[in-house]
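Working notes for the structure below.
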Amino acid sequence: MIGCKRMSSKLFEQAHRDECIRAVAGSIGALFNEDLAKACIRLAMLTLLSEKLSPRESGIVIAGYGEKEFFPSLVEYGTDGLVGNRLKVIKKGEVDVSREQPSCIRAFAQSDMVQRFMNGCDSALFESLIYGFHDVLKAGVFSVLDSEGVWEGVSEGEKLAKSAAIETRIQEALQAFVSDCESHLDTNYSQPIIQMIGLLPKEELAGLAESLVSLTSLKRRVSAEQETVGGPIDVALISKRDGVVWIKRKHYFDAELNHHFFKNYFDASMEA
């Protein structure tokens, strides 16, 4: 895997100049010129080589232990296709479990139901409430100022300046409100769950992971949203001593009717 930022602007222009010009010229026709071509090529380069991924991104998560690690680690990468002949790979985050951070829950791709479970509130709903609170607060403040005649005799320039100052104070109040809400959710919802996870036995951790995926699948199935999560769920447990252990694994055949397959597989593994 190669990060796409290694490609220079000169190499990018050599590789993709013709495609960019055709795309822009086909859209604006006679308005196209050389200066616009250079600007479009630069815009395309900045977009493709930036760390922002498109809605069609995919990704990979690597979790486990190093040879000398006593605690597990996790790293997440996002991928977004090829830029030229280079794979666009962005490191999106990592987690190192330690004595200071004994446990964590991370959701990938469709994470909304896990966030509800962890935070006690849907992130989209929380954001909508914040925007709504801002609009109501702003409208209320200016309504009081108008009703009290505060703007009488005030010049238009001075009114704009004071309105900007009031807007700044509203933003500061809103940020304090959001901070208090996030602190409350973290203290009363997220942290108690994280603390309990550190005490759960391994088999219950596997069951919790499967339940969170099943919850996401159920939500997609009973709503009008696209059913992007569903079907049989594979569950594996990684520990320092036992390595990777499959707790639940789907097969393309009924395991109860094919005992000989597992016997042959086990015998072949022993011989190897």
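Miscellaneous remarks
- Neighbours by Cβ (under 7 Å, 6+ apart or cross-chain): first from region 45-56, closer than 17 Å to residue 76 by Cβ; second among the aliphatic types (A, V, I, L, M): 51/90; 53/90
- For region 172-190, taking the residues that are open to solvent by less than 70 Å² (accessible area, probe 1.4 Å) and hydroxyl-bearing (Ser, Thr, Tyr), the one that is nearest to residue 119 (Cα to Cα) is identified as 190.
- All conditions but one from (1) surrounded by 13 or more Cβ atoms within 10 Å (Cβ to Cβ); (2) closer than 28 Å to residue 65 by Cα apply to residue 230; the one that does not is (2).
- Residue check for residue 216: in contact with a helix residue (DSSP H, G or I) (Cβ under 9 Å, 6 or more places away or on another chain) and hydroxyl-bearing (Ser, Thr, Tyr): yes
- Summed over region 127-171, the residues that are open to solvent by 50 Å² or more (accessible area, probe 1.4 Å), part of a helix (DSSP H, G or I) and among the hydrophobic types (A, V, I, L, M, F, W, C) give a count of 10.
- The strands (runs of 3 or more DSSP E) falling completely within region 58-126 that include 2 or more residues that are open to solvent by 60 Å² or more (accessible area, probe 1.4 Å), touching a residue at least 24 places away in the same chain (Cβ under 8 Å) and under 29 Å from residue 240 (Cβ atoms) map to 86-96.
- Condition met for residue 224 (within 23 Å of the chain's Cα centre (by Cα) and loosely packed, with under 11 Cβ neighbours inside 10 Å): yes
- Restricting attention to region 195-213, the residues that are more than 19 Å from the chain's Cα centre (by Cα) and part of a helix (DSSP H, G or I) total 12.
The values are calculated or read from the model by the stated rules, or taken from the named source; none is laboratory data. As the structure is a prediction and not an experimental result, all values here were calculated from the model. All Cβ positions, glycine included, derive from the backbone under ideal geometry; neighbour counts span all protein chains shown. Ligands, DNA and RNA are stripped out before the accessible areas are found, and what is left, the full protein with its side chains, is counted by its heavy atoms. Shrake-Rupley method; radii C 1.70, N 1.55, O 1.52, S 1.80 Å.
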